[in-house]
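The values are calculated or read from the model by the stated rules, or taken from the named source; none is laboratory data. For clarity, every value in this text was computed on a predicted model and none was experimentally measured. Here the Cβ is made from the backbone with ideal geometry for all residues, glycine too, and neighbour counts use every protein chain on show.
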Amino acid sequence: MSKDNLYRALTDAEIKTLTLAGCTATDWSTVTVKNGFDASRCRRVAFSGTIHLGRLDHTFECTGGIKLQASISRVKLHNCTVDDNVYIDNVANYIANCDIAPYAFIENVNRIVATLDSTFGVGTNVSVLNETGGREVPIYEQLSAQLAYLIAMYRHDPRLVSALSDMIKERAEANLGHRSRIGAYARITNTGEILNVNVGDYARIDGASRLSNGTIASSKVDPVYVGTNVMASNFILSSGARVEDGVVLLDSFVGQACHLSHLFSAHDSLFFANCACENGEAAAIFAGPYTVTMHKSSLLIAGMFSFLNAGSGSNQSNHMYKLGPIHQGVVERGSKTTSDSYILWPARIGAFSLVMGRHVNHPDTSLLPFSYLIENYGRSYLVPGVNIKSVGTIRDARKWPQRDRRRDSQHLDHINFNLLSPYTASKMFRAIDLLNDIENTGGLTADSYSYRSMTIEAKALRRGRTYYNMALDKFMGNSVLHRLRDIKFTDASQITEALRPTTAYGTGDWIDIAGMIAPASEINRLCDDIVNRRVTDLDKVSSRIAKIAAEYYDMEWTWVAEMMPKWYGKTCDELTPKDIAIIAERWRSSVVELDNMLYNDARKEFSLVSRIGFGADGSDETATADFEQVRGGFEDDSFVKMVVDHIETKSALARDLMERLQPLLSE
C-alpha cells in the first residue's frame, strides 16, 4: 500500500490542538497522519517539508521503571516519516530526511540528518595492510572475512578484484538519493550528531559523540550497541557488535559480535567475527576472526591476523623510512605475541606460533607452524613445533568455539576451529622435509643451524621433527578412525569401501582464507567463475563460499586419502586389517604421549614458583593454603580433568576399533 493510501490530511481540530501545543508548520497541508493519530501527544514540534506521522498510543517502560508515552516533543522535523508509536524528545537542532520505524526511541540528541548524497558507508574503501593503498577493500553490510580476503590478497588477479569491487560498488550506488532510516525499536539517547547513518532494528546508541556515513546493521536477535563518546566515520557495524567507551573509528568495518571498547582507535581496518579490542590502536589491519588485543600500549599495524592474542606492548612497524609505510606482515592463525614483542615488517609468522622479544630481521616462519620465535641477546631463535605440546595452544583451540558470541542466524564469516587440518598438516609435512634439509646441509654434528636469519638449536630441531611426526600420526590416524567408526567388520572389503573418498575435490594445497580452511583448487575455481561471469552477484559469491565451507570434512578426507602413500606407504585400497591396526596403535600412542605432555605442561602452573605471591604472611603453609583456595588443586583443575578424560576416551576408541577388527585379524 502506498503512503498516499496510508495517510490522510490533518483535520482542523488536529491543527488547532497542535498549534495550541506550540507546534508550527511551514505548510500544514504537507503534514499527513494515520488514522488513530493523537495530536495531543505532539508538543513544540516544527514541521517542514513532507511529513508523515503514525499512531501514538504506546507506553515505553524505561530503566528504573519510568513510563513514557509515545510522543513527539521539542524537535524540528523536515521531510520525515515518523511511523507508529515513536518517542522523540529534546532534539537540539533537527531531524531531516529520515524514516523512523515503529517503536523507535530518540531522546537528547543534537541532530539526525541525511544529505541524500550518501551511501551510508557502503562502498567505503578500506586501505588494509598497505596504508598508501593497493589493497583497498570496499565494504558493505554483508561483507564476509572470506570475500574481503579475496579482494585484499588476490591482487595477482586484477580481473577478480575488479569484478568483486564492482559488485559492491553497485550496492553502494543503490543507496544514493535515499533518506536515512532509524529501525524499529532502535534507541538513540544522549547522543551528538548522526549524519548519513542507517540505524538497524533494535540498535542502541547511548552517549555517542558523532557518527557519520555509516550503517549499523542491527537485528532483533543480535542488536548493536554504540556507547559513550564513540566517534565513527565511514563505517559499518555488523549484528551483535558493541562499540563503546570512547572508541574512534575511521574507514572501518566491524564484524559480527565484535567488541571494541576502552578508548581503542582504528583506521582503515577490518574486524571480523568475535574480535575483542580494547585500549590500543589498529592501523590498516585485516583482523580475521578472534583477533584479540586488550592493552593500552599495543599497536597492530599493516598486518593480517586471525585467532591472535596480542600481549601488552605488542607492536609492529611498517615504515623503514624510505618509501613510506608500505610494508606488511602476516601472523597466521592461532598465534600469540608476548608482552613487549616487536616485529619489523615485512615478516610472516607461522600458524599457532608464539613471538617473544624484538625481531628486526624480517622473520619468515610460515613453513614451521607451532613454533616459538624468541629473541635472545638480539638474535632470533626459532624452536620448531614446540607449541604442539603447549597447554595454552589446546586451551585456545577449545575455548574459541565456546566464545562465539554471534546470535544472528546468518553467520557472515565461515570459521573453522580445527587445530589440525589439511592446512596445518601439509605445513608439517613440509616442515619435516625442511628440517631434514637444514640438518643435512648444516651437518649432523652441528650445535645449531641458521635458517632465514634465525637460529635453530640442534636439540630444538630434532624435538620439533618429533612433535611434527606425532601430530601427523594424530591427525591422519584420527581421520582413518573416524571413517571406520561404528562398522561391524565381517569382510576386508568394508575397509576399502569406508575409506573411499566421497568427493574428488580436496586434493593438493589447502589455504586458510581468513578463518576458513579450504582447498586452494576450490577457491581458485570460484575465482575463475567470478572472472568469467558465471557468478555475477554478491549473494551467489557468498553461497559458493558457504558451500565450500559446508563440504570441509568430505574434502578433508580426500586430502588425507591422497597423503596415505606418503605417510603410511599404501593407498587406501591397499590397506589391510593389519595395516589399520598399526595405524590405530600409532594414533593412540601419539594421542596419549601428546596428552601426557599437556598434562606435564599444565602441572607447571601448580609448581612452587607459581605460588610466589600467594599467602598473607609469606609462609609456605599459608601460601599453599591460599593458592589452593584460589586456584584449586592440580587434579581438580578442569583442563587437567579434560586431558585425563581425553586419554581414556581415545584409548577406548582404539580398543573398540581393535575389537571390531578382530574377526578380520584372526583370519
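Tabulated values for the structure
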{"quantity": "Which numbered condition R41 fails, given (1) of a type outside the set (V, I, T); (2) over 25 Å from H178 (Cα atoms); (3) at pLDDT below 95", "calculated": "(3)"}
{"quantity": "Within the stretch 209-296, strands (runs of 3 or more DSSP E) holding 1 or more residues that are basic (K, R)", "calculated": "210-216"}
{"quantity": "Among residues of the stretch 358-372, those that are more than 11 Å from G464 (Cβ to Cβ) and in contact (Cβ under 8 Å) with a residue 60 or more places away in the chain, counted", "calculated": "7"}
{"quantity": "Residue in the stretch 439-447 that is touching a strand residue (DSSP E or B) at 6+ places or on another chain (Cβ under 6 Å) and closer than 26 Å to R544 by Cβ present", "calculated": "no"}
{"quantity": "G515 vs. criteria in contact with an Asp or Glu (Cβ under 7 Å, 6 or more places away or on another chain), more than 21 Å from F352 (Cα to Cα), of a type outside the set (S, T, Y) and crowded, with 19+ Cβ neighbours inside 10 Å", "calculated": "no"}
{"quantity": "Residue match in the stretch 523-544 (condition: over 22 Å from the mean Cα position of the chain (by Cα), surrounded by 18 or more Cβ atoms within 10 Å (Cβ to Cβ), touching a residue at least 60 places away in the same chain (Cβ under 8 Å) and on the phi > 0 side of the Ramachandran plot)", "calculated": "no"}
{"quantity": "Positions within the stretch 74-105 being under 32 Å from the mean Cα position of the chain (by Cα), surrounded by 22 or more Cβ atoms within 10 Å (Cβ to Cβ) and more than 16 Å from F47 (Cβ to Cβ), in sequence order", "calculated": "A104"}
{"quantity": "Residue satisfying condition, being at pLDDT below 95 and either small (G, A, S) or under 24 Å from the mean Cα position of the chain (by Cα) (or both), within set G207, G177", "calculated": "G177"}
{"quantity": "Selection within the stretch 336-371 - among the aromatic types (F, W, Y) and in a strand (DSSP E or B)", "calculated": "Y342"}
{"quantity": "From A584, A549, residue being buried (at least 16 other Cβ atoms within 10 Å of the Cβ) and either under 23 Å from the mean Cα position of the chain (by Cα) or closer than 20 Å to G288 by Cβ (or both)", "calculated": "A549"}
{"quantity": "Breaking point among (1) surrounded by fewer than 23 Cβ atoms within 10 Å (Cβ to Cβ); (2) farther than 17 Å from T189 by Cβ, for V128", "calculated": "(1)"}
{"quantity": "Scan of the stretch 200-224 for residues that are free of Cβ contacts under 8 Å to residues at least 40 places away in the same chain, farther than 17 Å from F253 by Cβ and surrounded by 18 or more Cβ atoms within 10 Å (Cβ to Cβ), ordered by number", "calculated": "Y202, R204, I205, A208, P223"}
{"quantity": "Positions within the stretch 168-178 being touching a Ser or Thr at 6+ places or on another chain (Cβ under 8 Å) and surrounded by fewer than 17 Cβ atoms within 10 Å (Cβ to Cβ), in sequence order", "calculated": "E173, L176"}
{"quantity": "Residue in the stretch 411-445 that is surrounded by the most Cβ atoms within 10 Å (Cβ to Cβ), counting only those that are part of a loop (DSSP other than H, G, I, E, B) and without any contact (Cβ under 8 Å) to a residue 12 or more places away in the chain", "calculated": "G443"}
{"quantity": "Q142 under 19 Å from the mean Cα position of the chain (by Cα), surrounded by fewer than 19 Cβ atoms within 10 Å (Cβ to Cβ) and in contact (Cβ under 8 Å) with a residue 24 or more places away in the chain", "calculated": "yes"}
{"quantity": "Residue that is farthest from C23 (Cα to Cα) [pool: residues in the stretch 58-89 that are free of Cβ contacts under 8 Å to residues at least 24 places away in the same chain and assigned to a strand (DSSP E or B)]", "calculated": "E61"}
